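Asks: Can you keep this structure in mind? I'll have questions shortly.
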Amino acid sequence: MMASIKQQWFSNVRADILSGMTVALALIPEALAFSIIAGVDPMVGLYASFCMAIVIAFTGGRPAMISAATGAMSLLMINLVKDHGIEYLFAATVLTGIIQILLGVLKVGRFLSFLPQTVMIGFVNALGILIFTAQLPHFQGANWMMYAMVAGTLLIVYLFPLMTKAIPSPLVAIVLMTIVAIVFHLDLKTVGDMGNITRSLPVLHFPKVDLSVETLFIILPYSLPLAIVGLLESMLTATVLDEITDTPSNKNKEARGQGIANIVTGFFGGMAGCAMIGQSMINVKSGGRGRLSTLVAGVFLLFLIMVLGDVVKQIPMAALVGVMFMVAAGTFDWQSLKDLTKYPLSDAIVMVVTVVIVLFTHNLALGVMVGIVLSTIVFGWKMAKIKTTSQTEGNMKQYKVSGQLFFATISFFMDEFQYETDPDTIIIDFSSSHIWDQSAVIGISKIIDKYERLNKKVIVKGLNEESKKIVRQIGLTSLTHNA
């Protein structure tokens, strides 16, 4: 137990602290922007980011992952805030957390194993593109200094590690560019232009709503999709970090942790949040590996708001845009473009469709779900191919079955037999097949029944143990007599 705590918290202290500080700087404009999208005060997003990061550091199942207010979640809140007010948003955030805890207890994380790799690649590539395009509005009406500072930020980000990796290059870039902007009084858009930052601590606040069934019916239609989208993004982000860091994560614990974090957030005046792929990537790219990095991100965010608020407001957006460009380039799977022509056509289509859906809807969850459905259809189509070969010897004919027998293939299978013209003895060999469901068993029994009505004998052989088991469960034990 102690070894695990040391590994997750104190095995990478210096890098975790520095990377957490870098993430905190990148969280501020995102939280402000998402608050504006949701139609709430900017501090609601900042409180959410602070609470989510600190709580998830202790309760999450993936060290070094950053959770905060996110764009996908804020889009789902717009109508609730507009129609019912901010207090109902706080209540919906608490209910979101409760639902996520229940899903974690039900071990929803196991379903992530059903995520095809092509959908995962599509998700990652769509994220990279979305992170990049999300920065483009900052260039509207920008002068040459904006472009120059973005370029300078990227140069520092990529060249500074050649000298030393002791300090995360994104942190160095943000600090240096802020100093340059302040010293030379550059005409640049700053963090302060994104929204009003006040020096006030979050306080315990119980949502001012009636505890009634009517209230539940108002917030449940928002809390349920918030819970599902939040968990989907969090688990996908965890999977991406698993691969990058080559370390495992506990998806069910993450689901419960996200729930606890959202409950705390709702009681401290914040909006529902989830894992952030961009900030999580900044964290691991800056050297963050442990829970300490996530905790530092939350604590330092509060420190920036409370103590360095006036300085934070002067951070040029160009520096943060440059860092996010680095994140976008690092997130996108460039190798997938080279390998696209090598993929089976169906896999390539699934990947491209996932990307396109996400880009057009800006809904990561929808894109992933469409990708999963497409993959399922493709898989079902491939599985639904059944083949039989026959060989006649004297008064006996043998049918050898290849493929999977289930509801989608049984009708095709039944059409393969020549009931009227076949000889008196029929052998059906299932040694290269598998019986999956009741439809298959009933179909086979109908085949036997047709032959027996013609006074012909049917011998079934080659059933594997799993196929025999399902046949016995349904009660048609006569099928296994000769098998």
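The values are calculated or read from the model by the stated rules, or taken from the named source; none is laboratory data. Predicted model, so just to flag it, every value in this text is computed and none were measured. Using ideal geometry, Cβ is built from the backbone for each residue, glycine included, and neighbour counts are taken over all protein chains shown. Ligands, DNA and RNA are excluded from the accessible area calculation, which covers all protein heavy atoms including side chains. Shrake-Rupley method; radii C 1.70, N 1.55, O 1.52, S 1.80 Å.
Asks: Which pairs turn up if I take residues in the stretch 9-32 that are more than 20 Å from ILE131 (Cα to Cα) and look for partners that are part of a helix (DSSP H, G or I) and among the aromatic types (Phe, Trp, Tyr) with beta carbon separation below 7 Å, at least 6 apart in sequence or on another chain?
Replies: MET21/PHE300
Asks: Shifting gears a bit: Would you check if VAL299 is in a helix (DSSP H, G or I), touching a residue at least 40 places away in the same chain (Cβ under 8 Å), under 19 Å from the mean Cα position of the chain (by Cα) and surrounded by fewer than 24 Cβ atoms within 10 Å (Cβ to Cβ)?
Replies: Considered against the rule, which asks whether it is in a helix (DSSP H, G or I), touching a residue at least 40 places away in the same chain (Cβ under 8 Å), under 19 Å from the mean Cα position of the chain (by Cα) and surrounded by fewer than 24 Cβ atoms within 10 Å (Cβ to Cβ), VAL299 comes out as no.
Asks: Do we have any residue at all in the stretch 203-225 that's within 28 Å of ARG62 (Cα to Cα) and in a loop (DSSP other than H, G, I, E, B)?
Replies: Checked the stretch 203-225: at least one residue is within 28 Å of ARG62 (Cα to Cα) and in a loop (DSSP other than H, G, I, E, B).
Asks: May I ask you to verify whether GLY322 is in contact (Cβ under 8 Å) with a residue 12 or more places away in the chain, under 30 Å from LYS251 (Cα atoms) and in contact with a helix residue (DSSP H, G or I) (Cβ under 7 Å, 6 or more places away or on another chain)?
Replies: Considered against the rule, which asks whether it is in contact (Cβ under 8 Å) with a residue 12 or more places away in the chain, under 30 Å from LYS251 (Cα atoms) and in contact with a helix residue (DSSP H, G or I) (Cβ under 7 Å, 6 or more places away or on another chain), GLY322 comes out as no.
Asks: Return only the number of the condition from (1) over 16 Å from LYS285 (Cβ atoms); (2) without any contact (Cβ under 8 Å) to a residue 24 or more places away in the chain that TYR222 does not satisfy.
Replies: (2)
Asks: Considering only the stretch 43-62, state which residues are open to solvent by 20 Å² or more (accessible area, probe 1.4 Å) and not polar (S, T, N, Q).
Replies: Within the stretch 43-62, TYR47, PHE50, ILE54, VAL55, PHE58 meet the criteria.
Asks: Could you please give the count of residues in the stretch 302-315 that are open to solvent by 20 Å² or more (accessible area, probe 1.4 Å) and either closer than 22 Å to TYR147 by Cα or assigned to a helix (DSSP H, G or I) (or both)?
Replies: 7
Asks: When only residues in the stretch 127-166 that are outside any helix (DSSP H, G or I) and among the small types (Gly, Ala, Ser) count, which is nearest to ASN12 (Cα to Cα)?
Replies: Only one residue fits best here, namely ALA166.
Asks: When you scan the stretch 316-435 for helices (runs of 4 or more DSSP H) that lie fully inside it, which ones turn up with 3 or more residues that are at pLDDT below 85 and surrounded by 14 or more Cβ atoms within 10 Å (Cβ to Cβ)?
Replies: Once the helices (runs of 4 or more DSSP H) in the stretch 316-435 are filtered for at least 3 residues that are at pLDDT below 85 and surrounded by 14 or more Cβ atoms within 10 Å (Cβ to Cβ), what remains is 317-331, 345-361, 364-383.
Asks: Mind listing whichever residues of the stretch 399-448 are more than 19 Å from ASN464 (Cβ to Cβ) and among the small types (Gly, Ala, Ser)?
Replies: Within the stretch 399-448, ALA408, SER411 qualify.
Asks: Scan the stretch 279-290 and give yes if some residue there is surrounded by 18 or more Cβ atoms within 10 Å (Cβ to Cβ), touching a residue at least 12 places away in the same chain (Cβ under 8 Å) and over 21 Å from the mean Cα position of the chain (by Cα), otherwise no.
Replies: Yes, the stretch 279-290 contains at least one residue that is surrounded by 18 or more Cβ atoms within 10 Å (Cβ to Cβ), touching a residue at least 12 places away in the same chain (Cβ under 8 Å) and over 21 Å from the mean Cα position of the chain (by Cα).
Asks: For the stretch 37-48, state whether one or more residues are within 24 Å of ILE174 (Cβ to Cβ) and acidic (Asp, Glu).
Replies: Checked the stretch 37-48: no residue is within 24 Å of ILE174 (Cβ to Cβ) and acidic (Asp, Glu).
Asks: Which residue, of ASN196, ASN252, is assigned to a helix (DSSP H, G or I) and either over 28 Å from HIS138 (Cα atoms) or in contact with a helix residue (DSSP H, G or I) (Cβ under 8 Å, 6 or more places away or on another chain) (or both)?
Replies: Unique residue meeting the criteria: ASN252.
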